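A short write-up of the structure that comes next.
The values are calculated or read from the model by the stated rules, or taken from the named source; none is laboratory data. The model shown is predicted, which means the values in this text are computed figures rather than measured ones. With ideal geometry, Cβ positions are generated from the backbone for all residues, glycine too; neighbour counts draw on all protein chains shown. Accessible surface areas use protein heavy atoms only, side chains included; no ligands, DNA or RNA. Shrake-Rupley method; radii C 1.70, N 1.55, O 1.52, S 1.80 Å.
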Amino acid sequence: MRRADRLFQIIQILRRSSRPITAQDIAQELEVSARTVYRDIADLIGQRVPVRGEAGFGYILDDSFDMPPLMLTPEEIEAAVLGAQWVAGRGDPALAAAARDLIAKITSVVPEKLRPFIAHPATGVPSWSDTPPDGIDLARTRVWIREGRKIALSYRDEKGPVSQRVVWPVILGYFETARMLAAWCEMRQDFRHFRTDRIVSAQFLDEAHGQRPGELKQRWKRQMEQQRQMEQQRKP
């Protein structure tokens, strides 16, 4: 790896972490010695990159640091294209259109020599056209998730009966053959998962549920983790 590429990768490693990263951890990822990392960190600091920390403790990158946009490696381009291809094939119409626009924007701004990685990627996803239609506007649902508002659902379960629910939407999940809304259900007083193709109708309420979206999501994650642990314990 060229030294310039290694310096860039060190910035990327620091950028994606919310905790101090030791030189040993960086060296292991880049497959170089810790001494090389120490020298590179010193060079970055000398170039006024705001890296803070010290040997033995770890390094962090100041939030104020920014690099020119879309300085992407071939692997980063292929990762972005692969993800966008998946969303374009399996996302709802709004996200699918956004994914196609993303690919077009990346193509328009990356250097010419990198465009073959977009036009002819070495990775791909199978086409899929059998996702059942959604009974709820997913683009609007994402807005309600961000704004912390309630949604009233008419929902048909797998056996057929329809129930009325008021939910606090948490997150939308996109799977191979279906999409799922995770939400706090006022009727059940617990988190529940609703297949979007089984939603008969949805009313987007102006009423806020009073929880910060991030905190509500963390509660849901903790419950999912507890359930996974319990399932693991039940296994022989």
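Of the accessible area of the chain, computed with a 1.4 Å probe over protein heavy atoms only, carbon and sulfur atoms account for 51 percent.
Under 8 Å for C-alpha pairs, at least 6 residues apart: give me the relative contact order for the range 178-222, rounded to a whole percent. Dividing the mean separation by the residue count of the range 178-222 yields 29 percent. Is the C-alpha gyration tensor of the range 124-230 telling us rounded, prolate or oblate? Criteria: a/c under 1.5 is rounded; beyond that, a/b larger than b/c is prolate, otherwise oblate. Because its axes are fairly even, with a/c under 1.5, the range 124-230 counts as rounded. Listed by chain and number, the lysines whose alpha-carbon sits under 23 Å from that of Lys113, ignoring those within fewer than 8 places in the same chain, are Lys105.
Note on the chain: with charges restricted to the Cβ of Lys and Arg (+1) and Asp and Glu (-1), its dipole about the Cα centre is near 460 debye. Computed with a 1.4 Å probe on the full set of protein chains, the accessible area for Tyr59 sits at about 20 Å².
The residue list Ala23, Gly148, Ile118 was ranked by how far each Cα lies along the charge dipole of the chain toward its positive end, using unit charges on Cβ atoms, and Gly148 comes out on top. According to the square roots a ≥ b ≥ c of the eigenvalues of the Cα gyration tensor, what is the shape class of the chain, taking rounded for a/c under 1.5, prolate for a/b larger than b/c otherwise, and oblate for the remainder? The shape class here is prolate.
Each of Leu44, Leu216, Ile103 was placed along the dipole of the chain (beta-carbon charges, centred on the mean Cα), and the one lying farthest toward the positive end is Leu216. Within a straight-line Cα-Cα reach of under 17 Å, Lys150 can be paired with the following aspartates and glutamates, leaving aside sequence neighbours fewer than 8 residues apart in one chain: Asp137, Glu186, Asp190, Asp206, Glu207, Glu215.
Look at the Cα gyration tensor of the range 189-236: its axes a ≥ b ≥ c give a/c of at least 1.5 with a/b at or below b/c, and that counts as oblate. In straight-distance terms, cross-link reach from Lys235 covers every one of the lysines whose alpha-carbon lies under 30 Å from its own, apart from those fewer than eight places away in the same chain; here that gives Lys159, Lys217, Lys221. Solvent exposure of the chain, expressed per residue, is 62 Å² of accessible area, with all protein chains present and a 1.4 angstrom probe. Highest mean first, the peptides 181-187, 100-106, 165-171, 198-204 sorted by other C-beta atoms within 10 Å per residue fall in the order 165-171, 181-187, 198-204, 100-106.
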